[in-house]
1. Criterion first (within 12 Å of the ligand (Cβ to nearest atom) and closer than 23 Å to GLU97 by Cβ) does VAL204 satisfy it?
2. Would it be correct to say that GLY67 is surrounded by fewer than 17 Cβ atoms within 10 Å (Cβ to Cβ) and either of a type in the set (S, T, N, Q) or at positive phi (or both)?
3. Would you check which residues across the range 80-102 are over 19 Å from LEU205 (Cα atoms) and open to solvent by 40 Å² or more (accessible area, probe 1.4 Å) and list them?
4. Does ARG60 satisfy the criteria of being without any contact (Cβ under 8 Å) to a residue 24 or more places away in the chain, within 15 Å of the ligand (Cβ to nearest atom), open to solvent by 10 Å² or more (accessible area, probe 1.4 Å) and not aliphatic (A, V, I, L, M)?
5. Look at PHE247 and say whether it is closer than 26 Å to SER95 by Cα and in contact with a helix residue (DSSP H, G or I) (Cβ under 7 Å, 6 or more places away or on another chain).
6. Only residues that are farther than 19 Å from GLY215 by Cα and open to solvent by 20 Å² or more (accessible area, probe 1.4 Å): list them for the range 147-182, please.
7. Is there a residue being more than 14 Å from the ligand (Cβ to nearest atom) and of a type in the set (Gly, Ala, Ser) anywhere in the range 223-239?
8. Quick check on this structure: which one of ARG234, ARG213 is under 13 Å from the mean Cα position of the chain (by Cα) and either open to solvent by 30 Å² or more (accessible area, probe 1.4 Å) or among the small types (Gly, Ala, Ser) (or both)?
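The values are calculated or read from the model by the stated rules, or taken from the named source; none is laboratory data. Bear in mind that the values here come from a model prediction, so they are computed numbers and not experimental data. Cβ atoms come from the backbone with ideal geometry, glycine included; neighbour counts cover every protein chain shown. Note: accessible area is taken over every heavy atom of the protein model, side chains too, but ligands, DNA and RNA are not part of it. Shrake-Rupley method; radii C 1.70, N 1.55, O 1.52, S 1.80 Å.
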Amino acid sequence: MIDVAAAVEAFREQGFVKLGPVVEEALVEQLRARAVELMLGEVTWPGLFFQMDSATGDYRDAPLGLGWQGPSLNYRKLEKLELDDRFRALIRHPSLEPLVRALIPGPVSLYRAIVFNKAAGGGSEIPWHQDAGKLWGLSEDPEVQVWTALDDAPREGGCLEVVPGSHRWGLSTPLGGVVPDDVVARRDVEGQVVPLPVVAGESVLLHNLLWHRSGRTSTGHRRLGFSACYLPERVRCVRKKKAPRSFFSVFG
Ligand SMILES: O=C(O)CCC(=O)C(=O)O
């Protein structure tokens, strides 16, 4: 059971909360198996998004816009997982609902549901970034995301790392996303970094503006993590180049 009041307070203050074990082992196993089935093309959903990982360990070398490229365990991202029944069970997990509702009054929708995979060979590093800003194409910046480990994510195994309180610094750039090197240098964050090692089934609540990153895994084991970003239903897609998105309804 999550202590919702304590989690909300820590979230406002620190920008992240280790929620402990949230997802039962049986569901974690089903989700892991499903992630593999999706990567191998054994289960398919029209509209699912895939990005192959880079061969270099540098995320900037990961190919853009190619989608599924045949069976492989080296995909870096699988997105639109609200299309999958098992992942919907995690997005709407009854242990998460009271927390999400405490943070987002009224009906709740989903911005994205995404698996981040670091394959056993190491995967790629994700640098300091914020999950908000113009890049996201929203009428309001999102704030609430829950990241759940589907495999163990120890310190050397590609766990998340955060800078506590950095959500209160606002956006580093209006565009959002990766924090530019000069801003990282100016903030001098290395002494403030908190690694968040977790075991499979544990979840972490993250403020979208919190600086977070993850390294490659050097354990020889794969690391699957799942992130769901929740929005108040009033938030609209304001992108102009493509037709505006409508968002999946999570909690009515
Ligand atoms: O799973 C990871 O390693 C990184 C997750 C992340 O960067 C995100 O949720 O925005």
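1. Here the answer is yes, as VAL204 does meet what is asked.
2. yes
3. Scanning the range 80-102 gives LYS80, LEU83, ASP85, ARG86.
4. yes
5. It is false that PHE247 is closer than 26 Å to SER95 by Cα and in contact with a helix residue (DSSP H, G or I) (Cβ under 7 Å, 6 or more places away or on another chain).
6. ARG168, TRP169, GLY170, LEU171, SER172, THR173, PRO174, LEU175, ASP182
7. no
8. Criteria check complete, one pass: ARG213.
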